[in-house]
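Chemist: Please see the structure below; I have some questions.
Values quoted throughout were computed directly from the atomic coordinates according to the rules given, and no laboratory measurement underlies them. What you see is a predicted model; the values in this text were computed from it and never measured. Don't worry about glycine lacking a Cβ; one is built from the backbone with ideal geometry, like all the others, and counts go over all protein chains shown.
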Amino acid sequence: MDFELSEEQRLLQESVGRLLSDRYGFEQRTAYMKEPGGFSRALWKQYADLGILALPFAEEDGGIGGGPVDIMIVMEAMGRALVLEPYLATVVLAGGVLRHAGSKVLRAGLIPKIADGSLVLALAHSERQSRYDLADVATSAKKDGAGYVLDGAKGIVLHGDSADKLIVSARVSGKQRERDGIGLFLVDAKAKGVSIRGYQTIDGLRAAEVTLAGVKIGAEDVIGDPGKASPVIERVVDEAMAALSAEAVGAMTVMHEVTTDYLKTRKQFGVPIGNFQVLQHAAVDMLMATEQARSMAMLAAMMAAEPNAVERHKSVAAAKVQIGRSGRFVGKTATQLHGGIGMTMEYKVGHYFKRAMAIDVSFGDADHHLATLAKMGGLLAA
Amino acid sequence: MDLRFNDEETAFRDEVRSFFKKSLPENIRRKMVEGKKIGKEDIVTWQRILNKKGWAVSHWATEWGGTGWSPVKQYIFLDEMQQAPAPSPLQFGVYMVGPVIIAFGNEAQKKKFLPRIANIDDWWCQGFSEPGSGSDLASLKTTAKRAGDHYVVNGQKTWTTLAQYADWIFCLVRTNPDSKKQEGISFLLIDMKTPGITVRPIQTIDGSREVNEVFFDDVKVPLENLVGEENKGWDYAKFLLGNERFGIARVGLSKERIRRLKELASIERVGDKPMIDDERFRTKIAAVEVELKALEMTQLRVVAAAKNGNSNKPDPASSILKIKGSEIQQTISELLFEVVGPYGLPYQPEQIEDDRVNEPPIGPDYAAPLAPTFFNWRKISIYGGSNEIQKNIIAKAILGL
Ligand SMILES: Cc1cc2nc3c(=O)[nH]c(=O)nc-3n(C[C@H](O)[C@H](O)[C@H](O)COP(=O)(O)OP(=O)(O)OC[C@H]3O[C@@H](n4cnc5c(N)ncnc54)[C@H](O)[C@@H]3O)c2cc1C
């Protein structure tokens, strides 16, 4: 057992932390949000230069061969900075599909471009009705010669409006909520029949609704075994939840820091408000919630590559429960302890709170995963 | 003990209910149900309808347009209005400055302001908080110095709700810098058109514009705009804040929001079932209903005590109602966000401003206001005296400190 980072990981943490603390001030972030796609292309290039866009990919594919702990390090730093760039969408989600199911040809064609920052990807999986059920796919893929034709609609596709290519899930067989029968397909964002409606999300990031009408897919763009994609999707979503857990911890850490600073500096009744014991205890509760979340984010990172899919998912679901609850609590408390100023767009705490809430409702909220975990028999064997 | 209203009260409830049903304009009702933005026009329209009926200022003294209803009837009226659901008449006029003028103002002020408040001919806003004086309101620094027949006001107010519409602002100002902090404060009425006043908007985290900073730079205010006695403003403010707290409980509004929650939970589906059939979610709704029923019963006890005439002792009850009421509203807003799941994420401010919509919404047409309202309603435990301050007030009372 070892909770220490390796020398290389410490360097990674330092270099990402330094870049983001230089380049992700509050005003800078506000400016990036107004750029096309809602993020900074210049920073994206810098991530490429740092190597973090290549991080999880195998060396033979043009990657660096990092693991979930490395992703945790990057995502926590991104959570601290409240990063807008499509790292989760491109590297973790779509990149994860390519890593686990992409053919050699696809990997060779796409991963170097992800790594050098010239390709933005998105995973178009969830649908209007699917909520948090990963098997609920109504979009259809019908065999068409050597390829397929896709019809349907995808919802809340993270960064779907800036992606050059989408990885779309669609049903080749079976009923709408059946785990079997789902396939994954690579679709060019400009392909005929694809329409994309982008929008900002409550946390200042971007997503899109994607409609697919008779979109033709060549055999080379079928990812993995059509009809057998569920294990891949589940694995990638577990990795994404582990990554989001780390991001949430970064956000909570900042909310806690900013709040304790405020308690030391804001004066009412002639004293810093940190003198009031009820606020001291609230700050301690925030700390405990953050640390419990940090522990669970570490668990998720260390279990994300676990070969036993059941054990992997239980741990990640448990982490997501803790992250969701802690994130809500820390966000609400940070806002409350600031009084009026915490309610404003001009102040940073509210933006972190919104991101923490958005993370909770991404890929299943705390209640959803609690129910899943309970159904799976909990964490300890009876 | 008997929970039922008597015949007269029941008849009264039916009367107000059918009035709201008939008279509340459908577009306003719809915006209220959908949680969309209620604009200045909506409030003015609705308050004038009420005023025409003689109900805009039902709780005021009868000589100034009040109805003389019993506390129970006042309670029924508010409860029904919130459940209609209708917007409140403008709080700052009808529930805040109006009662202060009635209780402490002079005849000229009553004649000049009260009818205009009732008919919302003037839009009022509340200038209490300052950047350095929130919870510690009595430390406020905005000064008013006498100069002949007027005061000269300098300083800054903040968090001033809807000051962008305001014709008048009621302010706490320091008139005696040398006395104990509570004893040097006066209550001034200031015309927002007076030279030297600047309003700067503050955007809240949900993206809406409802609060402002208001700056005063050598603003001349006639002496006749002083309410009551100079340096007695703190007493009037305490009277006003007690009323404000009572108003934040909003039991009727929470009932209406729970109905909305159940409606949406029966439209939204989890798998092949409506969300309302999900055991966990249903239990969460039931839990908040229990809390709300307890609050309603507590509020009724307060109302009943007022009916029996022992309402004048300083009562921590208004603080209890404020704390529990705010917590319940926040819980409901959280469940309403939860009910749409991931479709709470798209940020669609134009869908909330009813009149500006020209694109179809993203996701279900009821989703857009839900997450912003959740964030916005975090304010309820902050304003009107934060919940921490309310607990301090109750603690002082029960511990005799
Ligand atoms: C949306 C909104 C609308 C508002 N509208 C108006 C308006 O129209 N007019 C107006 O005058 N004001 C308005 N307010 C201001 C509101 O009344 C103040 O925000 C509130 O009084 C808290 O003051 P503050 O923001 O300065 O926070 P602070 O007083 O700085 O409080 C910060 C934190 O410290 C806590 N705290 C402070 N003192 C103590 C103590 N002694 N013990 C324990 N905890 C303590 C508070 O509870 C809070 O958690 C509004 C506020 C908001 C958010």
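Chemist: Can you give me the Cα centroid spacing of the stretch B:331-383 and the stretch A:54-109 in angstrom?
Modeler: For the stretch B:331-383 versus the stretch A:54-109, the Cα centre distance is 33 Å.
Chemist: Rank the residues A:Val172, B:Val357 as a footprinting-exposure proxy: fewest other Cβ atoms within 10 Å of their Cβ go first. Don't jump to the answer; show the numbers that get you there.
Modeler: Values: A:Val172 21, B:Val357 15.
Arranged by neighbour count, lowest to highest, A:Val172, B:Val357 become B:Val357, A:Val172.
Chemist: Which residue fluctuates the most in chain A, going by a Gaussian network model with Cα springs under 10 Å, if the choices are A:Gly147, A:Gly181, A:Gly331?
Modeler: It is A:Gly147.
Chemist: Further, regarding this structure: The stretch A:208-242 to the stretch B:234-297: how many Å between their Cα centroids?
Modeler: Between the Cα centre of the stretch A:208-242 and that of the stretch B:234-297, the gap is 40 Å.
Chemist: Same structure, new question: Which Cα, out of A:Gly145, A:Trp44, A:Ala240, lies furthest along the positive dipole direction of chain A (beta carbon charges, K/R +1, D/E -1)?
Modeler: After comparing all options, I get A:Gly145.
Chemist: Size of the dipole of the stretch B:167-266 about the Cα centre, Lys and Arg at +1 and Asp and Glu at -1 on the beta carbon, nothing else charged, in debye to 20?
Modeler: 720 debye
Chemist: Neighbour counts of other C-beta atoms within 10 Å: give me A:Asp221, B:Asp272 arranged from fewest to most. List each step's numbers first, then the result.
Modeler: Values: A:Asp221 20, B:Asp272 9.
If I rank by nearby Cβ atoms, fewest first, I get B:Asp272, A:Asp221.
Chemist: Taking 8 Å as the Cα distance limit and 6 or more residues as the minimum spacing, I'd like the relative contact order of chain A as a percentage.
Modeler: It rounds to 15 percent for chain A.
Chemist: I would also like to ask the following. Tell me whether chain A comes out rounded, prolate or oblate; compute the Cα gyration tensor, take square roots of the eigenvalues as a ≥ b ≥ c, and use a/c under 1.5 as the rounded threshold.
Modeler: Here chain A falls in the prolate category.
Chemist: Under 5 Å between amide hydrogens, which residues at least 5 positions from B:Tyr151 or on another chain qualify, with H placed 1.01 Å from N in the peptide plane?
Modeler: B:Val221, B:Leu223
Chemist: Please give the net charge around A:His281, taking every other residue with its beta carbon less than 13 angstrom from that of A:His281, where Lys and Arg add +1 and Asp and Glu add -1.
Modeler: -1
Chemist: Using each residue's phi in the stretch A:61-75, evaluate 6.51 cos²θ - 1.76 cosθ + 1.60 at θ = phi - 60° and report the 3J(HN,Hα) Karplus result to the nearest Hz, with x for Gly and Pro.
Modeler: For the stretch A:61-75, the Karplus curve yields 8, x, x, 10, x, x, x, x, 5, 5, 4, 4, 4, 5, 5 Hz.
Chemist: For the stretch B:138-233, state which GluC sites (Glu not before Pro) are in a DSSP loop and have at most 12 other beta carbons lying within 10 Å of their beta carbon.
Modeler: B:Glu229
Chemist: Can I ask one more? Take every Cα-Cα pair in the stretch A:7-119 and report what % of them are more than 17 Å apart.
Modeler: Beyond 17 Å sits 52 percent of the P(r) for the stretch A:7-119.
Chemist: I need B:Ser326, B:Ser386 ordered by Cβ neighbour count within 10 Å, fewest first. Could the numbers behind the result be given before it?
Modeler: Details: B:Ser326 25, B:Ser386 20.
Ranked by crowding around the Cβ, least crowded first: B:Ser386, B:Ser326.
Chemist: On a C-alpha basis, how far is the centre of the stretch B:69-88 from the centre of the stretch A:122-147 in Å? Whole number, if you could?
Modeler: After rounding, the separation between the Cα centres reads 50 Å.
Chemist: Explain nothing, just the number: relative contact order of the stretch A:122-227, from Cα pairs under 8 Å at least 6 residues apart, as a whole percent.
Modeler: So the answer I get is 31 percent.
Chemist: In whole percent, what relative contact order does chain B give with Cα contacts below 8 Å and a gap of six or more residues?
Modeler: Over chain B, the number comes to 14 percent.
Chemist: Around A:Gly324, with a cut-off of 9 angstrom between Cβ atoms, what is the net charge of the other residues, counting Lys and Arg +1 and Asp and Glu -1? Walk me through the numbers before you get to the answer.
Modeler: Working: positive: A:Lys320, A:Arg325, A:Arg328; negative: A:Asp360, A:Asp365, A:Asp367.
Cβ neighbours under 9 Å give a net charge of 0.
Chemist: By what distance, in whole Å, do the Cα atoms of chain B stretch along each of the three principal axes, largest value first?
Modeler: Sorted largest first, the three principal extents are 75, 52, 46 Å.
Chemist: What does the charge add up to near A:Glu306, with Lys and Arg as +1, Asp and Glu as -1, over the other residues with Cβ less than 12 Å from its Cβ?
Modeler: 0
Chemist: How many percent of the alpha carbon pairs in the protein assembly as shown exceed a separation of 53 Å?
Modeler: When all Cα pairs of the protein assembly as shown are counted, 19 percent exceed 53 Å.
Chemist: Helix-derived [θ] at 222 nm for chain A: sum -39500 (n - 2.57) over DSSP H runs of at least 4, divide by residue count, nearest 500?
Modeler: -16000 deg cm²/dmol
Chemist: Could I ask something else about it? Go through the stretch A:181-189 residue by residue and turn each phi into a ³J(HN,Hα) via Karplus (6.51, -1.76, 1.60, θ = phi - 60°); whole Hz please, and just put x for glycine and proline.
Modeler: x, 9, x, 10, 9, 8, 10, 6, 4
Chemist: For the stretch B:7-89, just say rounded, prolate or oblate: build the C-alpha gyration tensor, square-root its eigenvalues into a ≥ b ≥ c, call rounded for a/c under 1.5, and beyond that prolate if a/b exceeds b/c, oblate if not.
Modeler: oblate
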